Number of protein chains: 2
Amino acid sequence: MQESIEQYMQTVGQQARQASRVLASASTQMKNNALSAIYTALQNNESTILAANQIDMDKGRNNQLDSALLDRLELTPTRFKAMLQGLKDVISLVDPIGEITDLAYRPSGIQIGKMRVPLGVVGMIYESRPNVTLEAASLALKSGNAIILRGGSEALESNKAIAAAIQHGLKASGLPETSVQVINTVDRAAVGHLITMSEYVDVIVPRGGKGLIERISNEARIPVIKHLDGNCHVFVEAQADLHKALPIALNAKTHRYGVCNAMETLLVDENVAEAFLPRIAELYAEKNVELRGCLETQRILGSGVKPASEEDWYTEYLGPILAVKVVSGMDEAIEHINKYGSHHTDSIITENFSLARQFLARVDSSSVMVNASTRFADGFEYGLGAEIGISTDKIHARGPVGLEGLTSQKWIVLGDGQIRQ
Amino acid sequence: MQESIEQYMQTVGQQARQASRVLASASTQMKNNALSAIYTALQNNESTILAANQIDMDKGRNNQLDSALLDRLELTPTRFKAMLQGLKDVISLVDPIGEITDLAYRPSGIQIGKMRVPLGVVGMIYESRPNVTLEAASLALKSGNAIILRGGSEALESNKAIAAAIQHGLKASGLPETSVQVINTVDRAAVGHLITMSEYVDVIVPRGGKGLIERISNEARIPVIKHLDGNCHVFVEAQADLHKALPIALNAKTHRYGVCNAMETLLVDENVAEAFLPRIAELYAEKNVELRGCLETQRILGSGVKPASEEDWYTEYLGPILAVKVVSGMDEAIEHINKYGSHHTDSIITENFSLARQFLARVDSSSVMVNASTRFADGFEYGLGAEIGISTDKIHARGPVGLEGLTSQKWIVLGDGQIRQ
């Protein structure tokens, strides 16, 4: 059996590589036609897909999956509609492929430029969210990539039904059906092959819990675009305008708790702590946010604040808990962020031009902000149109990853018979 | 001992990370001052460095290293001068750090842009070429990165002497001496630590033989910017101007044999083969280039041509040998290149506009050329000023890697108190 999974994955990989050659030179119109045909196929197969999802849901309930997982797994008619709207949005995005930039003459007489091209084959590993299947497939196709999808086993029937509609649409439009392939086995060995087939797969995009992503990163022989943690900070600097600091600190923590761009630690300059902390603490109390503070925070806010341990500064709570630290100024704030943070998103609240400029330069995170809520770190808010994930890597794609993150640039050289002297 | 190497490497890594924080916000002037101070320190220590190199050379001769390796190892006064000139060139390069691009307003009122920033810490692993020590260090410093250098054991004394001068220059200019560190042990375990210390090292740049680079890529837990093979092609298309095709095919093969951008397989359209092959074969014969051809090539050129095996199409000869194949047209040529090539550099010779355009789009290589010699694939020829290597990866840096390849872009968000709705 082990053997046959390897063979199966090899076949999937070979087919994806072949499809990627066709997709790489497909015109924008061909790709958009395919996405439109997929739209129609999904519309026509709504009931089949929702029925397949019901099978997954029933199985999930029998297996006593927790309610959060069941919620993510479920496809309702409303969610199906939203999924289709997302596809429409991708169709309307500008095609990044083929763009040539920086084409300039060199002393030798040749012209050098860069052409934007697809990466080739994307391997996507994700949890039991069927909508991600369509989202990832549509972004891959639009950017001229083939994609191999490995969703959570709990969503297998839903994903197969969605993939069938996608392949129906691909076929109708004349692009290879194997442009989008869903791994049809729940055997974990499939993932092991997917992340090591460097001849067939160019990049792995994992989406899921930290443990899953760490394991994949450690075992992959292929570049991984990933994000591990979202331990984001807001630093209320001494010259902050509290009319901005208060709503931002509230929004960054409480707008949504379970998201990677929520604030997890609030840093406050000692010169403004007495004025700011009691007022923000009141707002958090209304939202039942638990505060864990340093000694100075505890002194100012009193017994309602639990002590923060060293561990708290590292923690992504993903819930109504916030660590709070009073710092002596910019340097301590930046050191804290670069040491304990996860290089995701960090924001300073200040009216001081020079400090804002320094913060932007010195904080080593994928998004660095001035006077804005960390919640803005998002492909849609940044104008990417859609995102396949958020990267906390420094290499290739950093921060929200849209179509451009699924592309590369090759050099083109145009000559007239030039040889090297 | 194993234990103490681990501790040693941890210390090196920690120091590099600390230094990188300082370098990241160092001004262009500070970095150029440091590079100038290094220039002076090297000038003042020329005799010490050449003496250290003599120790390495003596040891190398005693250990009967082959002459090519000894040649690469040797520092002469002329080479020392060239090394210093290279440093001057890096000083005159434009500093890429801090550049902000695409800063634009979004509907929410925030401004989004990208800021170019250093990667952080570069781990460089290379063979016994002492000049690479200075080249890599100067590129890293100019781009605001700390660097850890692991050169070949045969060059240890030379590298230590060069590093001492570099650190002297750093100290004189006020930047951390630990910005550039040379691993002072020849124990191979040091490499194992270097390529897995993901908390301290952001990118690995290996330069050396294919075996070394494959081993590093397989074991690394850090992104690797690498190039494995340079199996480059020239395709003489049916509508080629032979006045261009002949000098280019000659130059691409014979200008230098041992370089990664030399042509290794010549593809010729069947419609031009009878006219082109005998003429180019005559030129190759003058240079004693051995030809290995397909059946059709052998038919046209006669018994002077050895048969090419399947293996030949994959081979990077790095010497005066050339594989030659007659193909039925563009499609076969592109299929051959994408299958057997190493995605390094490939060139088409044609006067046909549409075919040139297709070739540029469909060949999946880091450099794709029209009517130019593959030998142009080089950081200096492309105008990068210098290169730390050539990448055949698709991720992050592709083709010649200059200063920009040692940088990343982070998102910056400028607001006026905006919160997410």
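The values are calculated or read from the model by the stated rules, or taken from the named source; none is laboratory data. Everything numeric in this text was worked out from a predicted model, so none of it was measured. With ideal geometry, Cβ positions are generated from the backbone for all residues, glycine too; neighbour counts draw on all protein chains shown.
Some points to look at:
- Residue selected from region A:102-151 under the condition of a type in the set (Ser, Thr, Tyr) and in contact (Cβ under 8 Å) with a residue 40 or more places away in the chain, by the criterion nearest to A:Val413 (Cα to Cα): A:Ser108
- For region A:334-369, a residue qualifies if it is within 19 Å of A:Ala397 (Cα to Cα) and facing chain B (nearest Cβ under 10 Å), and the qualifying residues are A:His343, A:Thr345, A:Leu360, A:Ala361, A:Val363, A:Asp364, A:Ser365, A:Ser366, A:Ser367, A:Val368, A:Met369.
- Scanning region A:175-208 for residues that are at pLDDT below 90 and of a type in the set (Ser, Thr, Tyr) turns up just one, A:Thr185.
- Of the criteria (1) more than 18 Å from B:Glu127 (Cα to Cα); (2) more than 14 Å from every other protein chain (Cβ to nearest Cβ); (3) without any contact (Cβ under 8 Å) to a residue 60 or more places away in the chain, which one B:Ser27 fails: (2)
- Count of region A:197-229 residues which are surrounded by fewer than 17 Cβ atoms within 10 Å (Cβ to Cβ) and either free of Cβ contacts under 8 Å to residues at least 12 places away in the same chain or of a type in the set (S, T, N, Q) (or both): 4
- The set of residues from region B:233-246 being touching a residue at least 12 places away in the same chain (Cβ under 8 Å) and not charged (D, E, K, R) comprises B:His233, B:Val234, B:Phe235, B:Val236, B:Ala238, B:Gln239, B:Ala240, B:Leu242, B:Ala245, B:Leu246.
- When residues of region B:352-377 are limited to those that are outside any helix (DSSP H, G or I) and of a type in the set (S, T, N, Q), the one farthest from A:Arg420 (Cα to Cα): B:Asn352
- Filter result (touching a helix residue (DSSP H, G or I) at 6+ places or on another chain (Cβ under 6 Å) and among the small types (Gly, Ala, Ser)) within region A:16-32: A:Ala19, A:Ser25
- Qualifying residue in region A:208-217 (condition: away from chain B (no Cβ under 13 Å), of a type in the set (D, E, K, R), within 25 Å of A:Ala397 (Cβ to Cβ) and in contact with a Leu (Cβ under 6 Å, 6 or more places away or on another chain)): yes
- For region A:129-164, the set of residues classified as out of contact with any helix residue (DSSP H, G or I) (no Cβ under 9 Å at 6 or more places or on another chain) and over 20 Å from A:Gln85 (Cβ atoms) consists of A:Ser153 only.
- The single condition among (1) crowded, with 20+ Cβ neighbours inside 10 Å; (2) among the aliphatic types (A, V, I, L, M); (3) touching a Lys or Arg at 6+ places or on another chain (Cβ under 8 Å) that B:Ala273 does not satisfy is (3).
- Positions within region B:377-393 being under 29 Å from A:Tyr200 (Cα atoms) and either in contact with a Lys or Arg (Cβ under 7 Å, 6 or more places away or on another chain) or among the polar types (S, T, N, Q) (or both), in sequence order: B:Gly389, B:Ser391, B:Thr392, B:Asp393
- Cβ pairs under 8 Å, 6+ apart, first in region B:334-354 and of a type in the set (Phe, Trp, Tyr), second not in a strand (DSSP E or B): B:Tyr340/B:Asn231; B:Tyr340/B:Trp313; B:Tyr340/B:Tyr314
- Verdict on B:Leu149 being in contact with a strand residue (DSSP E or B) (Cβ under 6 Å, 6 or more places away or on another chain), more than 14 Å from chain A (Cβ to nearest Cβ), modelled with pLDDT of 95 or more and over 27 Å from B:Asn32 (Cα atoms): no
- Residue that is farthest from the other protein chains (Cβ to nearest Cβ) [pool: residues in region A:392-412 that are under 24 Å from A:Leu267 (Cβ atoms) and not in a loop (DSSP other than H, G, I, E, B)]: A:Pro400
- Within the option set B:Glu99, B:Glu74, B:Glu6, being away from chain A (no Cβ under 14 Å), closer than 26 Å to B:Val121 by Cα and charged (D, E, K, R) holds for one residue only, B:Glu6.
- Screening B:Pro206 against (1) in contact with a Phe, Trp or Tyr (Cβ under 9 Å, 6 or more places away or on another chain); (2) more than 30 Å from B:Gln14 (Cβ to Cβ) leaves a single unmet condition, (2).
- Selection status of B:His233, within 11 Å of another protein chain (Cβ to nearest Cβ) and closer than 24 Å to B:Glu282 by Cβ: no
- Test: residue in region B:95-114 that is part of a helix (DSSP H, G or I) and in the same structural domain as B:Ser25 (by TED's automatic domain parsing): no
- Subset of region B:389-421 [more than 21 Å from B:Ile100 (Cβ to Cβ), among the charged types (D, E, K, R) and either surrounded by 24 or more Cβ atoms within 10 Å (Cβ to Cβ) or at pLDDT 90 or above (or both)]: B:Arg398, B:Arg420
- Comparison of B:Glu311, B:Glu264 shows that the only residue that is surrounded by fewer than 16 Cβ atoms within 10 Å (Cβ to Cβ) and out of contact with any Pro (no Cβ under 9 Å at 6 or more places or on another chain) is B:Glu311.
- Inclusion of B:Ile248 among residues that are surrounded by 20 or more Cβ atoms within 10 Å (Cβ to Cβ) and within 11 Å of another protein chain (Cβ to nearest Cβ) is warranted.
- Candidate set from region B:317-351 (those that are under 24 Å from A:Arg21 (Cα atoms) and assigned to a loop (DSSP other than H, G, I, E, B)); member that is nearest to the chain's Cα centre (by Cα): B:His344
- Of the residues making up region A:185-196, those that are touching a residue at least 40 places away in the same chain (Cβ under 8 Å) and part of a loop (DSSP other than H, G, I, E, B) number 3.
- If you go through region A:370-388 and keep only what is more than 10 Å from chain B (Cβ to nearest Cβ), surrounded by fewer than 24 Cβ atoms within 10 Å (Cβ to Cβ) and at negative phi, you end up with A:Gly379, A:Ala386, A:Glu387.
- For beta carbons closer than 7 Å, sequence separation of 6+ or different chains, a first residue in region B:78-101 that is closer than 11 Å to B:Asn131 by Cβ and free of Cβ contacts under 8 Å to residues at least 40 places away in the same chain and a second that is buried (at least 17 other Cβ atoms within 10 Å of the Cβ) and hydrophobic (A, V, I, L, M, F, W, C), the qualifying pairs are B:Phe80/B:Leu50.
- Residue within region A:40-60 that is away from chain B (no Cβ under 14 Å), within 25 Å of the chain's Cα centre (by Cα) and modelled with pLDDT under 95 present: no
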